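The values are calculated or read from the model by the stated rules, or taken from the named source; none is laboratory data. Quantities reported herein were computed from a predicted structural model and do not represent experimental measurements. Note that each Cβ is placed from the backbone with ideal geometry, even for glycine, and that neighbours are counted across all protein chains shown. Calculation scope for accessible area: heavy atoms of the full protein, side chains included, ligands and nucleic acids excluded. Shrake-Rupley method; radii C 1.70, N 1.55, O 1.52, S 1.80 Å.
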Amino acid sequence: MDSTSPEPSLYTVKAVFILDNDGNRLLSKYYDPELYPSMKEQKIFESNIFNKTHKADNEIAFLEGMTIVYKSSIDLFFYVAGSAQENELMLMSVLNCLFESLSQILRKNVERRCLLDNMEGVLLVVDEIIDGGVILESDPQQVLQKVNYRADDNPLSEHSVAQVLQSAKEQIKWSILK
């Protein structure tokens, strides 16, 4: 084996982010703290990626030593970034899982307004697919099952994250009052 090739790693994904059609950040998660440690550096990186990809018909870009796979839908751009040596098919499977899962949660209406209205579900989906840069799941049906999504119910089952937090606050308040 070639001694110059990097050691295999489970930490496949360096970043995942969603931008609107103006290049503004709607969601981002960076899994390598050394990559772009400040918000300013992250936004510059996202801007560079957006400028390179928003008019292109490709699905893969290489920029700043990173392999980036991307997809657009109506007024959104979805990006998954890995190291330069990363397998594009692995990154693409994460991107497709993210897109298909969100398409189900947003009831096939993958656009900015719906994404912002359902941000708690979007964050849950991202966290079920990737944890700390490690790919946990690449099957959209498994992701949806894990976030308790049912097509005939509300997008996040009978309890959204906000409802669960409100319920917990009320329980804490009542336990303090007793």
- Item | Qualifying positions in region 129-142 - surrounded by 18 or more Cβ atoms within 10 Å (Cβ to Cβ) and farther than 20 Å from LYS14 by Cα | PRO140
- Message: Among the residues of region 164-176, are any on the phi < 0 side of the Ramachandran plot and either surrounded by 19 or more Cβ atoms within 10 Å (Cβ to Cβ) or at pLDDT 90 or above (or both)?
- Response: no
- Among strands (runs of 3 or more DSSP E) entirely inside region 1-106, those with 2 or more residues being modelled with pLDDT under 90 and more than 27 Å from GLN142 (Cα to Cα) are 60-63
- Message: Can you find, within region 97-128, the residue that is most open to solvent (accessible area, probe 1.4 Å) among those that are free of Cβ contacts under 8 Å to residues at least 40 places away in the same chain and aliphatic (A, V, I, L, M)?
- Response: LEU124
- Considering only region 107-122, how many residues are in a loop (DSSP other than H, G, I, E, B) and either closer than 17 Å to GLN145 by Cβ or touching a strand residue (DSSP E or B) at 6+ places or on another chain (Cβ under 8 Å) (or both)? 4
- Query: Would you call ALA61 surrounded by 15 or more Cβ atoms within 10 Å (Cβ to Cβ), touching a helix residue (DSSP H, G or I) at 6+ places or on another chain (Cβ under 7 Å) and within 21 Å of GLY133 (Cβ to Cβ)?
  - Reply: yes
- Query: Is it the case that some residue within region 136-159 is touching a strand residue (DSSP E or B) at 6+ places or on another chain (Cβ under 8 Å) and either modelled with pLDDT of 85 or more or assigned to a helix (DSSP H, G or I) (or both)?
  - Reply: yes
- Task: Could you figure out which of (1) touching a strand residue (DSSP E or B) at 6+ places or on another chain (Cβ under 6 Å); (2) crowded, with 17+ Cβ neighbours inside 10 Å; (3) in contact (Cβ under 8 Å) with a residue 40 or more places away in the chain isn't true of LEU27?
- Result: (2)
- Note on region 84-96: residues touching a residue at least 40 places away in the same chain (Cβ under 8 Å) and open to solvent by less than 30 Å² (accessible area, probe 1.4 Å) are LEU91, VAL94
